[in-house]
Each structure stands twice: as structure tokens, then as C-alpha cells.
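In what follows, a single structure is set out as C-alpha cells and then discussed.
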Amino acid sequence: MIDSNFDVIIIGAGAAGGTTAALLAEAGLRVLLLERGKKVVWPNVSRDHLRNQRFARYGHNAGPEIDGNPRVFVDPMGNERVVRPFEGAYSNNAAAVGGGTLVYGAQAWRFMPQDFRMASTYGVPSGSSLADWPISYQDLEPDYEKAEWQIGVSGDNAGSASPRRRDYPMPPLPDTIQRRMLREAAGQLGWSSLCPPMAINSTLYNGRPPCAKCGSCVGFACPSNSKNGTQNTMIPRALKTGVCTLISEAMAHRIDTDDRGKVIGVTFFTSESGAPQRISARSRFVVVSCGAIESARLLLNSASSHHPRGLGNESDHVGRHLQGHYYPGATGFFAEKTYDGDGPGVSIATCQFNHGNPGVIGGAMLANEFVKLPIHFWHTSWPPNVPRWGLEAKHFMRDNYGRTIHIQGPVQEIPSPESRVTIDPKVRDRWDIPVVRLSGTAHPETVRTALFMRDKAEQWMRSAGAVHIHSGGVGLYLSGGQHQAGTCRMGNDPKNSVTDSWGRVHAHDNLFVIDGSLHVTNGGFNPVLTIYALAFRCAQGMIQRL
Ligand SMILES: Cc1cc2nc3c(=O)[nH]c(=O)nc-3n(C[C@H](O)[C@H](O)[C@H](O)COP(=O)(O)OP(=O)(O)OC[C@H]3O[C@@H](n4cnc5c(N)ncnc54)[C@H](O)[C@@H]3O)c2cc1C
């Protein structure tokens, strides 16, 4: 039986929710942290190569459960179908204590100053909702620094692509064959390169060991506990205060409001301690940190007579501007060995093409890939002219797995108001809660940028001496997935945003959204360090308001 009165209820114990919980609890607030997923540690997170958050062909290892958590996907022709969490169209991230950070690859990039001013820098393409953030890089810089030091990031001070006041807390992870090859190749092209910042310990840090280089990073929990997510950094800090209660396997159903429309708490279902229970907890503040897709769902599902279109949705922006990252790239096959098998695998990047590309809006960082599961190699890096089965396929795998490099990068997407999350009128989940309906596609400018970046990946590969290169096609589709963002964008004007620049939902004094939903644009980088930094900023803002 839980106490039902709190200062703050935070829904979602992922990157942002876990961070916010620690900061608010350490400020003395009584926090209830609700997480629909399980509380798991490494031995209990499946290591199955066919069912994991990286290669999810047959299932996931970090939730949500395959059955009972459907979504509805509407394709560009208007055909709709029910999808399950491991299907690409579902756009899943993860559901566990730690959220995506339990199984992420842990690239920990800052955005660049221009990423906060995309509309001013490039203009607004027709049909897009490209906009500037209400804050600048300089506003967020101190919070990037806090995230790097408190979560724990190893990185390359000399090569940082964004201005910084303080060094990384740890030096970069050790050298690899690919770093040496690609550094030289970038140099030949006149491109700058750097070691990617990683939320992985390169030294003993905060009592946990340096990376064991096992390669079991992306899609899995870390066997040596050297990868830093909220499950082993911020959430333990929150719990240590004694004023934070964490309930896992607790699914928030709706944010409750009183008869004047004021937010008063959250109703959730839990089966953590046996039989399913429906609990209505009360609090002075509610923070929504469910990840971009589920945060929009919860706000829309919390409609009432005062807020008939959902909470925070007066201007019809909740759920719109859904974006993630197109990930163009190329695989190169080499005559010599390129692969030493050392994790995490990703070891070199270039930020040469994030901005300033003639005729292209924005760009992307390019990096070599994480250690690849053999099945992932088979699925994504197999040349079209090689048979996929039989002796020839086996020989190809044996001869080439250790002689390839894969370069790819997250394209800064141009948001579209029609890429969106709404609520499906018919389909419900195992708790009888209406589910997400995903519709729309990315903006055509995103495809143009992706094609440009694919060419750059091929160019880098050629310069490194690849004897054969192949890369996939790029088409229009709805983007979201693991880098999902943008569905409750922040802004100064309530007419075209959902929250203010501190994550406070317009027209509500005590309702906040703090997660990837806030991103106005999603940068040409993996997003999590920006999500952490926003959590530091918004939590600090909340504390100052109290
Ligand atoms: C395999 C993988 C690799 C990745 N690699 C990288 C990387 O290298 N670098 C990078 O920057 N990013 C990476 N990411 C993405 C990164 O994990 C996300 O950007 C980040 O976790 C998003 O943070 P968030 O706070 O918005 O949401 P999340 O971390 O997704 O947290 C949201 C939490 O809310 C919970 N929740 C949702 N709805 C409810 C509800 N109604 N009630 C209760 N709880 C709820 C969810 O279960 C989840 O745990 C990766 C993700 C995956 C899965």
C-alpha cells in the first residue's frame, strides 16, 4: 500500500524521468516515480541475438511486453494496421527502469549552437514546421556539463564539435583498428575527426569499473556495469534520499484534474505486488517523462470537460512534429582485417557535415558502427549479389565479417506537423487504455539530406581503401523509433508550442513535460545527452518555482 500524497509524481523512469527524480528528491521533495517496465539488472536482461532492442526481429529484451501493448500504424496510402512492439512501424524505444538508457549504445553528443536555430539559419521549408528553440546552446551549456559529469561521459576534449567550458570527466575509450584507419582517411580528405563521446567509463568512475570492451553495449544491459544510464546513476541517487518511491510495472492511465481543470495527481495500474490494482495518487506537481510517443498519448488520454482535446493541447500541438533520425550510411569491404572485436565498436566520428553543406538543410554526424551482431551484419550489410543461404553465404560471412566497416549517421530531420501521434478510437491495450495511432511521414528535405550524407559515408569509405562499398536506398517514411522526439515541443508562444522553455505546460502551473518530446528539432546527433541536459535545466527551474 503506498502513501498517496506526494510533492511530485514523475511518470516514466527513463533518461529524463530518472534524472528529474534524483534532482527533485535531493532538493527535499517527496517524489513518486512510476515506471511501466520492470526493474532489471544485467543477468535478467536477455542476451538473445534475435530478440533485443538492437535487432528486434522476433522480440525485445527491454519491453514493453510483446502482447497487450499494441499501436496502430497508418501508412502513407492511409492503410492502417495494428503493430506490436518489436515491429519497425511501432517506433519503440524501451520500457524498463532506466528506459532506453538501460540498453542504449551510449553515444553522448551535445547538439551544436546552430541546432537550436534551424529556422533562422535555413528558413522554413514549405510544408515543414521547422522552428528555432526558445533557448540557445549557451543557455543549455551548463546543463550539458552537469549531465556529462553526473551521468559520466568519456570523450575527446580536443575534438569536441560544440564549445565547452569544462573537459569531459573521463578520457576517450581506447584506440581501435577502425579509428586508426578512418582517422587517416578523414585526414586525406581534409575532414576533421574525433572520438565520439560515450556514457561509458574509460576509467573507474563513481565506483564502477572501466569498460571491459566486451562489445555487448547497444541493445543489451552492460555486463561490467560500465555503461552509464539512469538505472545505475540518477535513480539510485533518488532512492538514496529516502524521499523517492519507485514503483515499477506501474502504468499511468491518466493525469487527473479537479472540477476546475487543475492537475491534482495521476491514476495508474500496477501489478508489482501481485493482483492488479488501480491507484489514484495525489501530488502538487506532475511530470510527464514517458518518451515522446507515450508522453503525447498520456496527455491526449487525459482529456476532461475542461480540456476536451487533452491536457496541454489547446493549440493542437500535442503529438505533432514527431521526429527521430534517418540513419543513412554505407558498408565497406576491405582486403585487410578491420575489426578487433573490441566494444563498444563505435570509435571515430566526423562532424564536418553537420552544417554548412551547400543546398542542404542541416546535415549529420557520421561515425563507424557499434560491434555488430552477426545476424545484424547478415541483415543490414549483406551485398545484394551474395546469396543469403548455403555454403557460399557461410563462406562470405566467415571471410568478410572481420573485414568490413559500417559508417552511418543521424540526419537532422526537418519536422512535419503531419508526422504525428493521435489516439486510436478503437484499439486498447491490456489495461483497456486507448493506444497510440502513428501517421504521416518525414519531410522530403530529410530525404535529400540523407542522400547527401550517404554519399559522404561512401566517400570516407573509399578514402579508407574499401574494395567494395554498398549502401541502401532512402525513401519517405514516418520517423520516430529509438530517437523519438518533438511531440510536445517547447516554445515561447502557446499558439505553436506545448510547454514553455522550462518544460511547464502552457496554462498549467503544476504540469511539466520533461523528455525528448520537448525537442523542437532533433539535431544531427544521437539525442540522449540533450534529453539529460534538459532534465537538469527543467528540474532546476521547478525547484526555483517552489
Ligand atoms: C538500443 C538503443 C540504442 C540507443 N542508443 C543511443 C545512443 O547511443 N545515444 C543516444 O543519444 N541515444 C540512444 N538511444 C536512445 C535513447 O535511449 C533515448 O533517446 C532516451 O532514452 C529517451 O529518453 P526519454 O527520457 O525521452 O525516454 P525513455 O528513456 O524512453 O523513458 C521513458 C520511460 O517512460 C516509461 N513509460 C512510458 N509510458 C508510461 C506510462 N504510461 N506509465 C509509466 N511509465 C511509462 C517507459 O517505459 C520508459 O521507461 C538508444 C535507444 C535504444 C533502445
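Laboratory data are not the source of any read-out in this text; all were calculated from the coordinates shown. The shown structure was predicted, so the numbers you read here are calculated from the model rather than taken from an experiment. Here Cβ is always computed from backbone atoms with ideal geometry, including for glycine, and neighbour counts include all displayed protein chains.
How long are the semi-axes of the equivalent ellipsoid of the chain, defined as square roots of 5 times the Cα gyration tensor eigenvalues? Whole Å, largest first.
Each semi-axis is the square root of five times an eigenvalue, giving 36, 24, 24 Å.
Ignoring solvent entirely, what values of log10 I(q)/I(0) come out of the Debye formula for region 105-223 at 0.23 Å⁻¹ when each Cα is a single scatterer?
The Debye formula, applied to the Cα set alone, gives -1.26.
Mind checking the alpha-carbon convex hull of region 476-518 and giving the volume per residue in Å³?
Details: hull volume 3.4 nm³, N = 43.
Here the figure is 78 Å³ per residue.
Give the residue from Val447, Asn5, Gly341 lying farthest towards the positive end of the charge dipole for the chain; charges sit on Cβ (+1 for Lys and Arg, -1 for Asp and Glu) and the dipole is referred to the Cα centre.
The one lying farthest along the dipole's positive direction is Gly341.
Please report, in whole Å³, the volume per residue of the convex hull around the C-alpha atoms of region 175-263.
Per-residue hull volume (Cα only) is 208 Å³.
By how many nm would the segment from Trp431 to Ile264 lengthen if fully extended, with 0.36 nm per residue of separation less the alpha-carbon distance?
Here the answer is 57.9 nm.
Using the Cα atoms as the points, what is the convex hull volume per residue of region 21-94 in Å³?
Values: hull volume 10.4 nm³, N = 74.
Considering the Cα atoms of region 21-94, their hull volume per residue is 140 Å³.
Using 31 Å as the Cα-Cα cut-off, could you pick out the over-long pairs in Lys38/Lys495; Lys146/Lys240; Lys227/Lys394; Lys39/Lys394? Walk me through the numbers on the way to the answer.
Values: Lys38/Lys495 38 Å; Lys146/Lys240 19 Å; Lys227/Lys394 33 Å; Lys39/Lys394 39 Å.
Checking Cα-Cα distances, Lys38/Lys495; Lys227/Lys394; Lys39/Lys394 exceed 31 Å.
Translational diffusion coefficient of region 396-467 at 25 °C, 0.890 mPa s, Stokes-Einstein with Kirkwood Rh over Cα pairs, in µm²/s as a whole number.
152 µm²/s
Quick one: what does P(r) look like for region 416-525 with 10 Å bins over all Cα pairs, in whole %?
Values per bin, smallest distances first: 12, 29, 30, 17, 9, 3, 0.
Provide, for q = 0.23, 0.24 Å⁻¹, the log10 of I(q)/I(0) from a solvent-free Debye sum over equal Cα point scatterers in region 239-340.
-1.29, -1.34
Send over the Kirkwood Rh of region 56-160, from the inverse of the averaged 1/r over different Cα pairs, rounded to one decimal Å.
17.5 Å
So what's Rg/Rh here for region 72-117, counting alpha carbon atoms and using the Kirkwood radius for Rh? Working shown, then result.
Values: Rg = 15.8 Å, Rh = 13.7 Å.
With Rg and the Kirkwood Rh in hand, the quotient comes to 1.15.
Using Stokes-Einstein with the Kirkwood hydrodynamic radius over Cα pairs, what translational diffusion coefficient do you get for region 345-491 at 10 °C and a viscosity of 1.306 mPa s, in µm²/s rounded to a whole number?
The diffusion coefficient I find is 88 µm²/s.
How much net charge surrounds Tyr90 when only other residues with a Cβ under 14 Å from its Cβ are counted (Lys, Arg +1; Asp, Glu -1)?
-2
Using only the Cα atoms of region 159-199, what are the Rg and Dmax in Å?
11.8, 31
For a protection proxy built on the mean count of beta-carbon atoms within 10 angstrom, sort 295-307, 67-79 highest first, please.
Descending packing order for the listed peptides: 295-307, 67-79.
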